[in-house]
Amino acid sequence: MLSNIGIGLIVLVLILSFLTIYTASLDLKMPGQSIKKGIYKLSLFQTTFTVLSFFTLIIGFINSDFSLSNVYENSHTTKPLFYKIAGTWGNHEGSLLLWVNILVIFSYLFLVFNHTHNKKFRLYTLIFQNILILGFSFFLLLNSNPFNSIYPIPLEGLGLNPILQDPALAIHPPLLYVGFVGCSIYFSAAMASLISDYRGKLFAQSIKTWVKISWCFQTLGITVGSIWAYYELGWGGFWFWDPVENASLLPWFAITALMHSLIVLEKRNTLYSWVVILCLSTFILSVTGTFLVRSGILNSVHTFASDPSRGIYILLFLSLMIFSSLIIFFTKYKKETYNFNLKSRETFILANNWFMVFFLLTVLIGTLYPIFLDVITSVKISVGPPFFNIVIVPLVVPFVFLMAIVPKFSWIKLQNKIFYKILFLILCGVIINLFISHFFGKYSFLSNLIFIVAIFLILQSFLDIKKLINKKKKPELSRIISHLGFGLLVFFIGINHQFSLEEDFNLKVGEIKKTKNYEINFEGIKIRESKNYKAIVGNFKLINEKNDLVQYLNPEIRIYSNPETLTYEAAIKTKITSDLYLTMSNVSRSDYYNIKFQNKPFMIWIWISALMIVIGGFTQLTLKKNED
Amino acid sequence: MLTKKVKNRIYFLFFIFLLSVIGIFLILTSLNKNILYFSSPTEIKQKEDIQLGKAMRVGGMVKRNSITINEKNIQFIVTDFENEILITYSGTVPNLFAEEKGVVVEGKLSDKNFFIAERILAKHDENYMPPEIKKIMEKNAK
């Protein structure tokens, strides 16, 4: 029943896509500046039907309708309602439906909200977006249909992987999808702009909001994923340079570069081709990431049960996208005149882009190299975190430095009087850094530099905020918040990296372990029953030897029944100045429990800074509305 | 003669070219230093020129009844059904770590039979087998 409804709705979406492309290309030849009413209607119907199809699937999950094989494979009757719903996008087929949803919704919104722009440009954008919708809907129907039915209907489902049953991970995919699939709209818009010759400033204005929306969601999505990894994966880190994390970072670099160069295009009407390249590559990289994750080529935490035919389809589609965008780009390419002043703001915004491209290349090479080597020579290798740290971390120094000073430049030339101010702030940075290293312990030369530039950026941002308070208009506010967030992020990651303590050992129940500052008493274990799992809860008493503060930590070993899986839940005591992090595991029912104990300074500030970067982005979106 | 504008452009392009070459060169050299090779216990035995003390990955099955635990670390044997290697590790193990299950460990060889692991790689799906291990197992099973 649900299966037929769902498939019917998707087919309707497909038909509407064809119709939209057809009527839009007819309307292209019509004179006038307004788009036919019919096209709006088609697009609105299309949006309604996709959203309905998604709700159909959600209903299937809520009612545990196991006649849908997708529900059968990924859900279970005893699962809490929240995770039943989250299960909808917690698997390949369902998430692809979400993907199509976002493509369609963005297509409609772009059509409606950009009514002031050129008709031809809007129609072409609609056509390209609908080609994307067609491609992914066919993929959905033919290869990964979430509405496939099974007969006879099973009585019970297989259940969702317990490690995914977590609030952060329930919202992580939708956030990332809005971010990654949202890029599709300016991929289409860039193609349309090339074909309809709608270039320069106006093009920048038409895509600006969409770039910011998708940037905010991408950043937020990555942050939430990182938070999840911190408390769920149990090794106490938050960034691992795991291939899949890298796959999410690639479009992020591209989009961050895009967001900055878009300012130049809007204000100075130059850099058009570069902006188009970034628009195209952001979405291409998003799809590449999806391809790497879904095809099972990458071996990582995100491995969906993989199926080679999926990979081949996405790869085909991806090459088609790259190929056609290259052709359109080069046939429609027009020479631009650049008249840059070397010391002006646009040169340095370009510098941001150079850094972003370099980071992007580094991560791309580090992620793809093992795959190439495997295909060519069948030697198995992997590229570890040291590679990324060695290449990227030193460049963070000039990057953060530029981030602090570039916004101080006027659009054309640097004034000399702010030079002394900068010098003064750097001096402050050096002094604060000396204090840190004096009181908390020494660290490498590079770390010194990183702390100095981070403090410099933070101070600079605070000064900017102080200046803003007296002003009425606050166009710079979002930039300052985001840059301050980034400065704090670099600073706290630095501190966290330098002063984290980690101890690994094994304990029997009742034993005591003394570490550097803490005495850890393993007082006992007890069993706790929950709705869909049983947990062995450890009771640890921690005594801080410096101030005799006593704390209790209770890590768990959970035994889920459907599917039968073990998970280890970390016990985390978060304070403003540091996190205590303790995980335990047990092998082969041994008397010894394996303990990992960590003291991580300023952990919560890393999340706060990352969220601040996102808040900066959202501030700009709301400010924009007020100004209009 | 070249005008000033053209000259500037040439300098600019040259500068960018130089920067990219240096960039790519730096990326590739540090890539080379930080590659982790993946080997099976048999490959470690057979290879003559294997570097001790260099980070690498070893994969195979955790041998039955081979896990021993004391207060400091965990020891277990990884086998590919032809050769074995003894692994020492301290810390918590991933949730799917168990006897007779596939495992990939990352760390350093201290000699050809003894490996000090810094990390045991987490696998999120009990039905999932890393492609590297699958290959070895298929080759050696019969």
Point to revise | Which of A:L132, A:I39, A:L81, positive extreme of dipole for the range A:1-165 (C-beta unit charges) | key: A:I39
Point to revise | Within straight-line cross-link reach of A:K513, aspartates and glutamates at Cα separation under 17 Å, skipping those fewer than 8 residues along the same chain | key: A:E502, A:E503, A:D504, A:E523, A:E545, A:D548, A:D591, B:E71
Exercise for review: Give the distance, in whole Å, between the Cα centre of the range A:87-142 and the Cα centre of the range B:1-60.
Suggested key: 39
Check your understanding: To the nearest 0.05, what FRET efficiency results for A:L427 and A:D504 with a Förster distance of 41 Å applied to their C-beta separation?
Key -> 0.45
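Normalized C-alpha radius of gyration of the range A:340-408, against 2.2 N^0.38 Å?
Rounded to two decimals, the normalised Rg is 1.49.
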Point to revise | Cross-link partners of B:K112 among aspartates and glutamates (Cα-Cα below 18 Å; sequence separation of 8 or more within a chain) | key: B:E43, B:E48, B:D49, B:D80, B:E82, B:E84
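Restricting attention to the range A:539-579, which GluC sites (Glu not before Pro) occupy a DSSP loop and are surrounded by at most 16 other Cβ atoms within 10 Å?
Loop-located and lightly packed - A:E545, A:E564.
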Revision key, fill the gap. Using the Kirkwood formula on alpha carbons, the hydrodynamic radius of the range A:505-604 in angstrom works out to 14.2
Practice item. Would you work out the charge dipole size for the range A:385-499 about its Cα centre, treating the Cβ of every Lys and Arg as +1 and the Cβ of every Asp and Glu as -1, and quote it to the nearest 20 debye? Key: 660
Review point. Around A:T270, which amide H atoms from residues at least 5 apart in sequence, or from another chain, sit under 5 Å from its own amide H, with H modelled in the peptide plane?
Key: A:L265
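Using only alpha carbon pairs under 8 Å that are at least six residues apart, calculate the relative contact order of the range A:1-128 and give it in whole percent. Mind showing how you got there, number by number?
Numbers: 114 pairs, mean separation 41.9, N = 128.
Relative contact order of the range A:1-128: 33 percent.
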Exercise for review: Mind jotting down a quarter of the surface of the convex hull over the alpha carbons of the range A:385-499, in square nanometres, one decimal?
Suggested key: 8.3
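Which shape class, rounded, prolate or oblate, goes with the range A:1-157 when its Cα gyration tensor gives a ≥ b ≥ c as root eigenvalues, a/c under 1.5 marks rounded, and past that a/b bigger than b/c marks prolate?
prolate
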Point to revise | Per-residue HN-Hα couplings for the range A:122-129 [Karplus 6.51, -1.76, 1.60; θ = phi - 60°; Hz; x = Gly/Pro] | key: 5, 5, 4, 4, 4, 4, 5, 4
Check your understanding: Are any of the pairs A:K541/B:K72; A:K600/B:K101; A:K380/B:K108; A:K541/A:K573; A:K380/B:K45; A:K546/B:K72 more than 23 Å apart by Cα-Cα distance, and if so, which?
Key -> A:K600/B:K101; A:K546/B:K72
Exercise for review: Return the lysines within reach of A:K471: Cα separation strictly under 21 angstrom, same-chain partners fewer than 8 residues apart disregarded; answer none if there are no such residues.
Suggested key: A:K408, A:K421, A:K624, A:K625
Exercise for review: Treat each spin label as a single point 7 Å out from the Cα along the C-beta direction, and report the B:E118 to A:L395 distance in nm.
Suggested key: 2.3
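What length, rounded to one decimal in nm, is gained on full extension from A:W239 through to A:T78, with 0.36 nm per residue of separation minus their alpha-carbon distance?
54.7 nm
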Review point. What percent of all Cα-Cα pairs in the range A:457-568 falls in each 10 Å bin, counting up from 0?
Key: 12, 23, 18, 19, 18, 10, 0
Point to revise | Separation in nanometres of the label points that stand 7 Å from Cα toward Cβ, at A:K332 and A:Y22 | key: 2.5
Practice item. Note the full-extension length gain between A:K516 and A:S561 as 0.36 nm times their separation in residues minus their Cα-Cα distance, in nm to one decimal. Key: 12.3 nm
**Study point:** Computed FRET value (nearest 0.05) for A:D197 with A:S324, which takes r as the C-beta separation and R₀ as 25 Å
**Key:** 0.90
Review point. Taking 0.36 nm per intervening residue step and subtracting the Cα-Cα distance, what contour gain separates A:K534 from A:H438 on full extension?
Key: 29.7 nm
Review point. For the residue pair B:Y11 and A:T377, what label-to-label distance in nm results when each label sits 7 Å from Cα along the Cα-to-beta-carbon direction?
Key: 4.3
**Study point:** Listed residues B:N73, A:G510, A:G159: farthest to the positive end of the dipole of the protein assembly as shown (Cβ charges)
**Key:** A:G159
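When a/c is below 1.5 the answer is rounded, else prolate if a/b is larger than b/c, else oblate, so apply that to the range A:112-238 with a ≥ b ≥ c taken from the square roots of the Cα gyration tensor eigenvalues.
Oblate.
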Study note, to complete from the structure: Distance in Å, no decimals, from the C-alpha centre of the range A:21-63 to the one of the range A:357-384 is 41
Practice item. Please report, in cubic angstrom per residue, the volume enclosed by the convex hull of the alpha-carbon atoms of chain A. Key: 179
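From the helices alone, meaning DSSP H stretches of at least four residues, give me the mean residue ellipticity at 222 nm for chain A, per-run term -39500 (n - 2.57), in deg cm²/dmol to the nearest 500. Write out the running numbers ahead of the final one.
Details: 17 runs with 397 residues, N = 628.
Dividing the helical sum by the residues of chain A leaves -22000 deg cm²/dmol.
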Check your understanding: What shape does the range A:100-139 have by the C-alpha gyration tensor, where a ≥ b ≥ c are the square roots of the eigenvalues, rounded means a/c under 1.5, and otherwise prolate means a/b greater than b/c and oblate the rest?
Key -> oblate
Review point. For the range A:391-407, what does the Karplus curve 6.51 cos²θ - 1.76 cosθ + 1.60, with θ = phi - 60°, yield as ³J(HN,Hα) per residue in whole Hz, taken in order and with x for Gly and Pro?
Key: 7, 8, 4, x, 6, 4, 4, x, 4, 5, 4, 5, 4, 7, 8, 4, x
Exercise for review: Give the total of Lys-Lys pairs in the range A:1-165 with Cα-Cα distances below 24 Å; include a pair only if its members are 8 or more places apart or on different chains.
Suggested key: 10
Review point. Can you give the Rg to Rh ratio for the range A:1-50, taking only C-alpha atoms and Rh from Kirkwood?
Key: 1.12
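Throughout, read-outs are computed from the coordinates displayed, never taken from laboratory work. Keep in mind that what you see is a predicted model, and the values were worked out from it rather than measured. Using ideal geometry, Cβ is built from the backbone for each residue, glycine included, and neighbour counts are taken over all protein chains shown.
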